[in-house]
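The values are calculated or read from the model by the stated rules, or taken from the named source; none is laboratory data. All figures in this text were calculated on a predicted structure; none of them were measured in a lab. Cβ sites come from the backbone with ideal geometry, for glycine too, and all protein chains shown count toward neighbours. All accessible areas refer to the heavy atoms of the entire protein, side chains included, with ligands and DNA or RNA removed. Shrake-Rupley method; radii C 1.70, N 1.55, O 1.52, S 1.80 Å.
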Protein chains: 2
Amino acid sequence: MQHSAKTMKDVALAAGVSVMTVSRAFKQDTSVSEATRARIRTIAEDLGYVFDSTAANLRTQKTNFVAVTIPSINNANFADTVGALSDRLAQAGMQVLLGHSGYDVAQEEVLVEQLLRRRPEAIVVTGGRHTERTRKMLLNAGIPVVETWDLPDDPIDHVVGFSNAATMAGMVDYLVGKGLSRLAFIGGDTDGDTRGADRRRGFVAAMQARNLDASRLIGAGKPPISMREGASAMGQLLNDFPDTQAVICVSDLSAFGALTECQRRGVRVPQDIAIAGFGAYEIAGISHPTITTINPHPRLIGTQTAELILQVLDAANTRLGPQRREIHWDLQGAESA
Amino acid sequence: MQHSAKTMKDVALAAGVSVMTVSRAFKQDTSVSEATRARIRTIAEDLGYVFDSTAANLRTQKTNFVAVTIPSINNANFADTVGALSDRLAQAGMQVLLGHSGYDVAQEEVLVEQLLRRRPEAIVVTGGRHTERTRKMLLNAGIPVVETWDLPDDPIDHVVGFSNAATMAGMVDYLVGKGLSRLAFIGGDTDGDTRGADRRRGFVAAMQARNLDASRLIGAGKPPISMREGASAMGQLLNDFPDTQAVICVSDLSAFGALTECQRRGVRVPQDIAIAGFGAYEIAGISHPTITTINPHPRLIGTQTAELILQVLDAANTRLGPQRREIHWDLQGAESA
DNA sequence: TATGTTTTGGTTACCGATAACACGAATGGT
DNA sequence: ACCATTCGTGTTATCGGTAACCAAAACATA
C-alpha cells in the first residue's frame with residue numbers, strides 16, 4: 001500500500017503528454033483543450049495522483065497560507081473568529097495555518113517564527129502586545145500583518161478590533177446608571193491574558209474617572225479563568241467585600257461560575273448582587289438568569305479580517321496603506337444585572 | 001519595508017561562506033564548528049533572514065505537518081483533542097494543519113484532498129464514516145491515517161477512540177439501575193453528526209435489548225445541537241411525553257439547555273425528570289445541579305494519537321501494522337441523574 | 001617527519017512544480 | 001490562396017533549500 005507518491009511526470013507518461021500540459025490541466029489556464037484536460041484529470045484520478053502544493057509553492061512563491069495565532073484553541077470566542085476567518089478565506093482558496101500561544105507572549109514569539117518559516121501570505125495575531133522580537137519579525141516579514149481583538153496605540157500594520165478598556169467603561173456606566181456604585185472586578189491574577197489585563201485596567205480607569213473605589217479586584221488564578229475559578233473568586237468576593245453591589249467578570253465563563261456560586265449560597269442575582277460578563281458566549285443567553293455581557297462580535301472580527309487580507313493582497317501593487325477597522329461592540333443588558 | 005525576502009545565499013555572502021555551510025549552521029549537523037555556526041546565526045538574525053521551510057520540505061520530502069480534520073473548531077471536546085495533539089506533536093517539531101468539515105462528510109472529502117496536497121506526514125480524521133472517495137484517498141496517501149473519536153468496524157488504518165454506542169448502553173444501564181425505565185433521547189435530527197447519530201442508534205439498541213420503549217426520540221435541529229436547541233427540545237419532550245423519567249442528551253450543551261428549560265418551567269431535576277449529557281464539558285461539573293455525563297477523555301485521545309503517530313513514523317522502516325487504541329470512557333454520576 | 005584519521009567546508013545535482021519562451025497547427029479575414 | 005492571429009503543446013531554466021560526494025586543513029600517532 002505504501003506506493004511511492006505519484007508526480008506529474010507519472011501522469012504525463014500515462015497520458016502521453018508533457019509534464020507542462022499536465023500542469024496546465026490542473027489550472028484555470030485556458031491554453032489546454034477541454035478534451036485533453038478531461039483525459040488528464042481522469043488519468044490522474046485513476047492513478048491516485050495528488051497535486052503537490054509544496055513544489056508549486058516554491059516555484060510560484062505563493063503558499064495560499066494565512067498564519068493565525070490565538071491564545072487558546074479552546075475558547076469559543078477565538079474559535080468563532082478563526083472559524084469565520086477560515087471559511088471566508090477558503091472561498092478565495094486560502095488555508096489557515098493555526099497556532100496557539102497559551103496566553104504567553106514568549107510562546108507567541110516562538111510560534112510566529114515557526115509560522116513565518118512556512119511563508120504565509122499574511123499573518124493574523126490576536127492582541128496588540130508582543131515581545132520586541134516578535135514585532136521586529138512581523139515588521140520584517142514583508143507580508144500584511146493584522147492585529148485583532150484589540151486597538152493598539154502603535155499598530156504594526158493593519159488592525160481589526162475594539163478597545164477592551166472602552167467596553168469596561170461602557171459596562172461601568174451601565175451599572176452606575178442602575179444606581180450601583182460599589183463595583184468589583186474578577187479576572188486573572190497575572191497579565192498573561194493581555195486582553196483580560198486591558199479590561200481590568202479599563203475597569204480601574206473608568207471607576208477612578210467617576211471617583212469610585214476601584215480596589216475591589218479579585219485575582220482568580222492563571223489565565224484563562226475557568227467557570228470553576230469564577231465560582232471560587234465569587235466566594236472570595238462575598239467574603240472579603242460583602243457589600244459589593246455588582247461584579248464584572250473578565251468573561252462569561254467566570255461570570256457563570258460566579259452565578260452558580262451565588263445560587264449555592266442563596267445569594268440572589270441581581271437583587272443581592274449583579275453580575276456582568278464579557279464575550280456573549282452562548283451560555284450568557286440561556287443561563288438562568290441570563291447574563292449581562294458585552295458582545296464583541298467574534299465572527300465579525302473574523303470575516304472583516306479575512307476581507308481586509310483579501311483586499312490588501314489584491315491591491316498589493318497599489319500599495320494600500322495600513323487599514324484600521326473598528327468593530328462596534330454591544331452591551332447586552334440581560335437578567336443578571 | 002517590503003524587502004525582498006532574504007535567502008541563505010544572502011546570509012552566505014554576508015558571512016563569507018558557502019550556502020551549504022549556512023544550511024548546516026541551521027541544523028543539529030555537527031559538521032560545522034561552533035564558532036562559524038554562532039557567527040552565521042548572528043548574521044542571519046541581523047539580516048532578518050527567515051528560514052524557508054517550503055524549499056526544505058520539497059528537497060527532503062518531509063513537511064513536519066500532521067493534517068487533522070474535525071467537524072467543528074468551535075467545540076470544546078474537539079478543541080481539547082486538537083490542543084493536546086498539537087502540544088505533543090510540537091515537542092517533536094511537528095505542526096498541525098487543521099481543517100473543519102462542518103459535520104458534513106462531503107465537505108470532509110474536499111478538506112482531505114486539500115490537506116493531502118500539502119503533503120502531511122500523517123493525517124488524523126474525526127470519526128469512522130467517510131465518503132468512498134475519502135476512504136480511497138486516505139488509503140492511497142501512503143501515510144499513517146488515524147481515525148479518532150470512534151471505533152470503526154472496518155478501519156482505514158490506525159484507530160484511537162471509543163464506541164459511542166457503548167457509552168449510551170452504559171448510560172441506559174445506569175439510569176435503569178436507578179429504577180427509571182421511561183427514557184428519552186435528544187439529539188440532532190439528521191445524521192450529519194455521525195458520532196451523534198451513532199449515539200442515538202446506541203441508545204435505541206440498548207433500550208430494545210432491555211425490552212424498553214425506544215420511541216421517545218426528539219430531533220433538535222441540524223447538528224451541532226446548541227444549548228438553545230436543547231432547551232426547545234426539552235420543551236417538546238415535556239409536552240409530547242410528559243411521563244418521561246429521564247432524558248439522555250447528545251451532548252452536555254444540549255443537556256444544560258434542557259436543564260434551564262426545566263428550571264423555567266418549574267420542573268425539578270432529577271426528582272421530576274433526570275437529565276444526562278455527554279462530553280464532560282466544564283459546565284457539567286459546575287451547573288446547578290451538576291450534570292451526569294460521559295467523559296470520553298478528549299485530551300487523552302489527542303495525546304494518544306500524537307504518540308501513536310510519532311511511534312509509527314519512527315518505526316516506518318520496521319513496517320508497524322495498524323494500531324488500535326481504545327480509550328476508556330467514564331460515566332460521571334452527578335446531581336442531575 | 002610521514003601517514004592515517006577526523007573536522008570543516010565546498011560542489012554538484014536534485015526535489016516537483018511553473019514562468020517564460022518557442023513553435024507548429026488551426027483559424028480567419030480579405 | 002495568403003498572411004496574421006490564436007490555440008495547444010513542448011523545452012528550458014528556476015524557486016531555495018539539502019543529500020551525496022569530495023577535498024583541504026587540522027589533528028593524532030608512530
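Quick notes
- Per the listing A:105, A:32, A:17, A:22, the residue uniquely crowded, with 22+ Cβ neighbours inside 10 Å and either within 15 Å of DNA strand D (Cβ to nearest atom) or touching a residue at least 12 places away in the same chain (Cβ under 8 Å) (or both) is A:22.
- For residue B:27, the criteria (1) assigned to a helix (DSSP H, G or I); (2) within 39 Å of the chain's Cα centre (by Cα); (3) near DNA strand D (Cβ under 7 Å from one of its atoms); (4) among the basic types (Lys, Arg) hold in every case but one, which is (1).
- Residue check for residue A:64: without any contact (Cβ under 8 Å) to a residue 60 or more places away in the chain, in contact with a strand residue (DSSP E or B) (Cβ under 9 Å, 6 or more places away or on another chain) and within 12 Å of DNA strand C (Cβ to nearest atom): yes
- Strands (runs of 3 or more DSSP E) completely within the stretch A:128-195 that count 2 or more residues being out of contact with any Phe, Trp or Tyr (no Cβ under 6 Å at 6 or more places or on another chain) and not aliphatic (A, V, I, L, M): A:145-148
- Residue B:44 vs. criteria over 22 Å from residue A:142 (Cβ atoms), in a helix (DSSP H, G or I) and not assigned by TED's automatic domain parsing to the domain that holds residue B:93: no
- Of all residues in the stretch B:123-140, those being within 20 Å of residue B:312 (Cβ to Cβ), within 12 Å of chain A (Cβ to nearest Cβ) and open to solvent by 10 Å² or more (accessible area, probe 1.4 Å) number 3.
- Test result for residue A:53, out of contact with any Asp or Glu (no Cβ under 7 Å at 6 or more places or on another chain), open to solvent by less than 20 Å² (accessible area, probe 1.4 Å) and among the hydroxyl-bearing types (Ser, Thr, Tyr): yes
- Some residue of the stretch A:13-25 being away from DNA strand C (no atom under 14 Å from the Cβ), facing chain B (nearest Cβ under 9 Å) and small (Gly, Ala, Ser): no
- Every residue from the stretch B:54-107 that is at the interface with chain A (Cβ under 8 Å from one of its Cβ atoms), assigned to a helix (DSSP H, G or I) and farther than 16 Å from residue B:123 by Cα: B:54, B:55, B:57, B:58, B:76, B:79, B:80
- Number of the condition not met by residue A:38 [criteria: (1) over 30 Å from residue A:227 (Cα atoms); (2) in contact with a Leu (Cβ under 9 Å, 6 or more places away or on another chain); (3) of a type in the set (Gly, Ala, Ser); (4) away from DNA strand C (no atom under 16 Å from the Cβ)]: (2)
- Top-ranked residue of the stretch B:38-50 - restricted to ones that are open to solvent by 60 Å² or more (accessible area, probe 1.4 Å) and not basic (Lys, Arg), ranked as farthest from the other protein chains (Cβ to nearest Cβ): B:42
- Qualifying residue in the stretch A:125-133 (condition: modelled with pLDDT of 95 or more and among the small types (Gly, Ala, Ser)): no
- Pairs linking a residue in the stretch B:205-229 that is hydroxyl-bearing (Ser, Thr, Tyr) to a residue that is buried (at least 22 other Cβ atoms within 10 Å of the Cβ) and not in a loop (DSSP other than H, G, I, E, B), with Cβ atoms under 8 Å and 6 or more positions apart or on different chains, are B:226/B:253; B:226/B:254; B:226/B:257.
- Residue match in the stretch A:213-224 (condition: within 18 Å of residue A:278 (Cα to Cα), within 13 Å of another protein chain (Cβ to nearest Cβ) and of a type outside the set (A, V, I, L, M, F, W, C)): yes
- Residue match in the stretch A:3-11 (condition: within 28 Å of residue A:117 (Cβ to Cβ), surrounded by fewer than 16 Cβ atoms within 10 Å (Cβ to Cβ) and at the interface with another protein chain (Cβ under 10 Å from one of its Cβ atoms)): yes
- Residues in the stretch B:35-69 that are of a type in the set (S, T, N, Q) and within 10 Å of DNA strand D (Cβ to nearest atom): B:53, B:54, B:57, B:60, B:61.
- Checking residue A:202 against (1) in a loop (DSSP other than H, G, I, E, B); (2) closer than 18 Å to residue A:331 by Cβ; (3) not hydrophobic (A, V, I, L, M, F, W, C), the condition it does not meet: (1)
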